[in-house]
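First the structure, in the form of structure tokens, and then the observations on it.
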Amino acid sequence: MSTPNTVSSEPSIRIAPSVMCADLCNLETDIRELEAAGINMLHFDLMDAHFVPNMPIGLALIQQLRAKTDSTFDIHLMVEDNDFFVDAVAEIGVQQIAVHVESATHLDRTLSLIQAHGIKAGAALNPATPFSALAYVLERLDFVLVMTVNPGFAGQKLVPATLRKIAEGRAFLNERGVDLPIEVDGNVSFENIPKMVSAGADILVGGTSSVFQKSGSRLENIQQAQKAIALGLAERD
Ligand code: DX5
Ligand code: ZN
């Protein structure tokens, strides 16, 4: 039995809508529509305007939404003080946190801090950062977040080399006997989803080019994304 927001066939591929792309002035309504369409995982981009020059949402929004839904909260930290934000969102109650290897002065310690909170720990990789940066923290990881755009803004175009990187990253993990979910984030469009899934992506961050596409309803967009996922699964070796 696959989880609600996945395609019926195994392996289950999850869609995590990116909350910064939602209608922030009617957020609860938007979340209810997504959950009615089968979504049960939400992606939150926490930015400090230092690691990346943006700050779309804050801690209060996550705190208030926590009281409104039981969905899995997937936190993507794009900040300089990772440990501060890890403790802050752990206090709120979240299920997984990804920190950028490029901003983590003490990556091993920060990943251990996340796991000590009983939260799944992820390493986020900018497009130019290779999987080899994870070589000595694999034991500390529960997932990997592959940025398919440069972090900080929605509405960007995929960095083409990242499709190859997803496949090579899956091989990197397999060669080390490590079976970790790969989450992809950035321009996860209806056109890119099949390529991302066939390359090995397990969790898709749905943003402006799919889930929040203006041309369709939330349900229509999620159904179209699920069709694209099925195409990608069919192309897997
Ligand atoms: C960007 C964020 C993404 C972003 C995706 O730094 O990490 O989650 O919201 O937006 P799209 O899907 O429009 O690229
Ligand atoms: Zn993100």
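Quick note: the coordinates plus some simple rules give every number you see, no bench work behind them. The model shown is predicted, which means the values in this text are computed figures rather than measured ones. Virtual Cβ from ideal backbone geometry, glycine too; neighbours counted across all protein chains shown.
Tabulated values for the structure
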{"quantity": "Amide H partners (placed H, <5 Å) of T72, local residues excluded", "calculated": "M41, L42"}
{"quantity": "Neighbour-count ranking [beta-carbon atoms within 10 angstrom, fewest first] of M47, M196", "calculated": "M47, M196"}
{"quantity": "Residue-averaged [θ]222 nm for the chain, counting only DSSP H segments that reach four residues, each worth -39500 (n - 2.57)", "calculated": "-10500 deg cm²/dmol"}
{"quantity": "Sites R66 and V178 - FRET efficiency at Förster radius 30 Å, r taken between beta-carbons, to 0.05", "calculated": "0.45"}
{"quantity": "Cβ-based net charge around L158, under 13 Å, with every Lys or Arg adding one and every Asp or Glu removing one", "calculated": "+2"}
{"quantity": "Under 23 Å between alpha carbons - lysine pairs in the chain that sit 8 or more apart or on different chains", "calculated": "10"}
{"quantity": "Under-5 Å amide H pairs with A124, H placed in peptide plane, nonlocal only", "calculated": "V99, H100, V101, L145"}
{"quantity": "Potential extension, R32-D237 segment - 0.36 nm per residue separation minus Cα distance", "calculated": "70.2 nm"}
{"quantity": "Likely footprinting exposure, R32, R14, fewest C-beta neighbours within 10 Å first", "calculated": "R32, R14"}
{"quantity": "Proximal charge balance of I114 [Cβ under 9 Å; K/R count +1, D/E count -1]", "calculated": "+1"}
{"quantity": "Total formal charge among the other residues, if their Cβ is under 10 angstrom from that of S18, Lys/Arg +1 and Asp/Glu -1", "calculated": "-3"}
{"quantity": "T148 long-range amide H proximity, modeled H, under 5 Å", "calculated": "D185, G186"}
{"quantity": "Helical segments meeting 24 Å axial Cα length and Kyte-Doolittle 1.6 threshold in the chain (DSSP H)", "calculated": "none"}
